[in-house]
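Read the structure below first, then the notes.
Just so you know, all these numbers are worked out from the coordinates, no wet-lab data involved. Owing to the predicted nature of the structure, the values given are computational and were not obtained by experimental measurement. FYI the Cβ positions are ideal-geometry reconstructions off the backbone, even for glycines, and counts take in every protein chain you see.
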Amino acid sequence: QVTLKESGPVLVKPTETLTLTCTVSGFSLTNVRMGVSWIRQPPGKALEWLAHIFSNDEKSYSTSLNSRLTISKDTSKSQVVLTMTNMDPVDTATYYCARIEIVSYRIDYWGQGTLVTVSS
Amino acid sequence: DIQMTQSPSSLSASVGDRVTITCRASQRISSYLNWYQQKPGKAPKLLIYAASSLQSGVPSRFSGSGSGTDFTLTISSLQPEDLATYYCQQTYSTPWTFGQGTKVEIK
């Protein structure tokens, strides 16, 4: 059974760095057919793709957020970590991690999401 | 970046109606187009991948079509549980991008 679970702070201050962890089970981060993506959704707004990482450590980032994002993985812990620097209130959103199935480039499993609020 | 434009932004239909949502890409994306359903307060769920392939476990009333720049999600007979927002997403090239969503309400 595939599951993904996001963890991290619920509240961060402006200018701080956000670190989110996605812990996966039911598949391996070394599986060449799989990857993990981060997606966010501000309250009442649309989904926004942020980044993804594949088993070969290939990474891709949102164009608008590229300078602020870093994605990495720890295969021994089955974890994918996303850091976002210089947080701002407009970054308040639910952050999801999700599994990518590479053969068809589909996001087939999603975590429940974690709401991060940016406020002083 | 490839821009994805959905229409309409919202619609209201009756149970049993046929519902069609369109998604247009700003450049050709072959068939690298997925559709997701997001119910209120829940994570999105994959409905259709590769433009027209039905994800396992998804009811057959959902179907997808199109290639190139123009795509369609069809619900053949709308059910009360289909109340949700629907998103298209291109995975042809990074950065992957989503449409702005279509909110489906039941009359």
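Which ³J(HN,Hα) values, rounded to whole Hz and listed in residue order, are derived for region B:13-29 from phi using the Karplus coefficients 6.51, -1.76 and 1.60 in 6.51 cos²θ - 1.76 cosθ + 1.60 with θ = phi - 60°, glycine and proline given as x?
Computed from phi, the couplings for region B:13-29 are 9, 8, 4, x, 5, 8, 10, 10, 10, 10, 9, 10, 9, 6, 8, 5, 10 Hz.
Among A:38, A:75, A:19, pick out the residue whose Cα is farthest towards the positive end of the charge dipole of chain A, where Lys and Arg carry +1 and Asp and Glu carry -1 on C-beta, about the Cα centre.
Of A:38, A:75, A:19, it is A:75.
Pairs of Cα atoms under 8 Å, at least six residues apart: use those to get the relative contact order of chain A, whole percent.
Worked out over chain A, it gives 36 percent.
Computed over the Cα atoms, what is the radius of gyration of chain B divided by 2.2 N^0.38 Å, N being its residue count?
It is 0.99.
Out of all DSSP beta bridges in chain A, what portion is antiparallel? Express it as a percent rounded to 5.
95 percent
What does the structure give for A:44-52 when I average, per residue, the other chain Cβ atoms found within 10 Å of the residue Cβ?
Average neighbour count from other chains, rounded to a whole number: 5.
Please identify every one of the GluC sites (Glu not before Pro) in region A:32-120 that sits in a loop by DSSP and has no more than 14 other beta carbons within 10 Å of its own beta carbon.
The qualifying sites are A:58.
Given charges of +1 on the Cβ of Lys and Arg and -1 on the Cβ of Asp and Glu, with all other atoms neutral, how large is the dipole of region B:1-88 about its Cα centre, in debye to the nearest 20?
80 debye
What residues qualify as long-range amide H neighbours of residue B:103, i.e. H under 5 Å apart, gap of 5 or more or another chain, H built at 1.01 Å from N?
Long-range HN contacts for residue B:103: B:10, B:11, B:86.
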